[in-house]
Amino acid sequence: MTTITLVQGDITRESADAIVNAANSSLLGGGGVDGAIHRRGGPEILAECRKLRAGHLGKGLATGRAVATTAGALDARWVIHTVGPVHSETEDRSELLASCYRESLRLADELGARTVAFPAISTGVYRWPMDDAARIAVETVRNTPTAVEEVRFVLFDTRAHAVFASRLG
Ligand code: AR6
């Protein structure tokens, strides 16, 4: 059984086996949660991302996929980088957002992670409406078989926390 928990705060302050990063396909950093993870995690994370780009991820990480690196100075063993879809008014990209959660959990299982902290993927720079993103996140985690014992959603502000809480209800 996987327990879903909710926390309001900065994901870079969390302690977990794996912390998920809402990255972009370059894996070379950015703003939002990605910038915060690289800042607090330190240069080791970027160094591993660069190695992945020099190796089998030469073209970058595709939307909906996930890859792991060290967590550097974060209180975690791994950072799982996943690339959320940019929200579109004209095209339903929900399956790609669901895939971020599924692929991250699949990778967590491969690594042997038991606690995984997720931000609200795609709800910042990529403009996904929080309520719909929360629905997809909660439904996908509930419907994905995994050995992960705790999935923790770490929401940056009170509004996002309230939206996730009502979806979890
Ligand atoms: N802890 C937890 N949540 C956070 C934090 C934090 N420290 N900082 C921001 N959030 P975003 P995206 C929330 O933009 O929409 C980057 O530049 C934020 O309030 O980080 O998937 C990447 O490099 C929002 O609810 O990710 C990509 O280019 C959520 O995290 C692009 O942004 C996601 O916001 C990815 O965009």
For the chain, accessible area per residue (1.4 Å probe, heavy atoms of protein chains only), Å²: 47
Residue of 109, 17, 92 that the Gaussian network model of the chain assigns the largest fluctuation, springs spanning Cα pairs under 10 Å: 92
The chain, dipole about Cα centre (Lys/Arg Cβ +1, Asp/Glu Cβ -1), debye to the nearest 20: 320
Neighbour net charge for residue 25 - beta-carbon separation under 12 angstrom, K R +1, D E -1: +2
For the range 3-168, the Rg and Dmax computed from alpha carbons only, in angstrom: 14.3, 43
Relative contact order for the chain, counting Cα pairs under 8 Å that sit 6 or more residues apart, in percent: 32
Apportionment of accessible area to carbon and sulfur, the range 1-135, percent (1.4 Å): 49
Summed residue charge, Cβ within 12 Å of residue 147's Cβ, Lys/Arg positive, Asp/Glu negative: -3
Charge tally in the Cβ shell below 13 Å around residue 72, where Lys, Arg are +1 and Asp, Glu are -1, residue 72 excluded: 0
Estimated FRET transfer efficiency when R0 is 22 angstrom, pair residue 3-residue 95 (beta carbons, to 0.05): 0.30
For the chain, built as a Gaussian network whose Cα springs stay under 10 Å, the top-fluctuating residue of 154, 86, 116: 86
Between the range 98-147 and the range 13-85, the Cα center-to-center distance that results, in Å: 15
Choice from 70, 158, 146 with maximal GNM fluctuation in the chain (Cα, 10 Å cutoff): 158
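The values are calculated or read from the model by the stated rules, or taken from the named source; none is laboratory data. Keep in mind the model is a prediction, meaning the values are calculated, not measured. Virtual Cβ from ideal backbone geometry, glycine too; neighbours counted across all protein chains shown. Remember, those area values only see protein heavy atoms, side chains included, never the ligands or the DNA or RNA. Shrake-Rupley method; radii C 1.70, N 1.55, O 1.52, S 1.80 Å.
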